[in-house]
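The values are calculated or read from the model by the stated rules, or taken from the named source; none is laboratory data. For clarity, every value in this text was computed on a predicted model and none was experimentally measured. For accessibility, only protein heavy atoms count, side chains too; no ligands or nucleic acids. Shrake-Rupley method; radii C 1.70, N 1.55, O 1.52, S 1.80 Å.
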Amino acid sequence: MKSVYATLMLFLLLGLACAGTFTAGLDVDTYVDRDNPNDTFGDATTLWVASAAGEPVKIAYIGFINAFGNQGIFSPDQVSTATLKLTVSDVEKPGIIKVYFVYGYISPELTWEDAPEAVENASAEIEIDSPGEYTLDATDIIKEAVRTCTEGCPYGLKIVAEGDASVGLASSEVSKGSTELKYIAEM
């Protein structure tokens, strides 16, 4: 009976070591404003994303702590799924927001003038119509993050409004759980 129990425990332990659900550590969040190109908003309680006539005028950036290597994730193929939860605190004009992968460190002192570009092929989008929590499929974004930053480079997200949308996201200044990036990886 002991050998059956020991074998069962071994299978359970191996199963746990073969897959895991991880939450990316939030490092910083901020936004940039075209009309205030040299101002920083790293301590803002609302992260604004807005566009006018299809052109972005406010863009949010969220930086994460890279722990892929420590988690045993070295290939994008290991990532089976990922989700991004955003908390919308204000909607001035409903519409679609797009989220893109960004390579590199997101500084809380980021300005419009020095904002990083995004990787266009790693994105997700969602329509926002009212305040509340929204969840996006972020699998392509996390796969690109693993592909680009396995060895520990910082990475983040760029959030852009489409059309004439204007949406306020709750920042980490308001709630530590307002933004959550989770992914499931096979080892």
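Here is how the numbers come out for the structure above:
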{"quantity": "Translational D in µm²/s for the range 9-117 (Stokes-Einstein at 4 °C, 1.567 mPa s, Kirkwood Rh from C-alpha pairs)", "calculated": "79"}
{"quantity": "Fraction of accessible area attributable to carbon and sulfur, the chain (%, probe 1.4 Å)", "calculated": "52"}
{"quantity": "Non-local Lys pairs in the chain, i.e. 8 or more apart or on different chains, that have alpha carbons under 19 Å apart", "calculated": "15"}
{"quantity": "Kirkwood estimate for the range 19-186, i.e. one over the average of 1/r between Cα atoms, Å", "calculated": "15.7"}
{"quantity": "Degrees separating the helix 139-149 axis from the principal Cα axis of the chain, which is the longest one", "calculated": "80"}
{"quantity": "Helix 2-18 axis, angle to the chain major axis (alpha carbon atoms, nearest 10°)", "calculated": "20"}
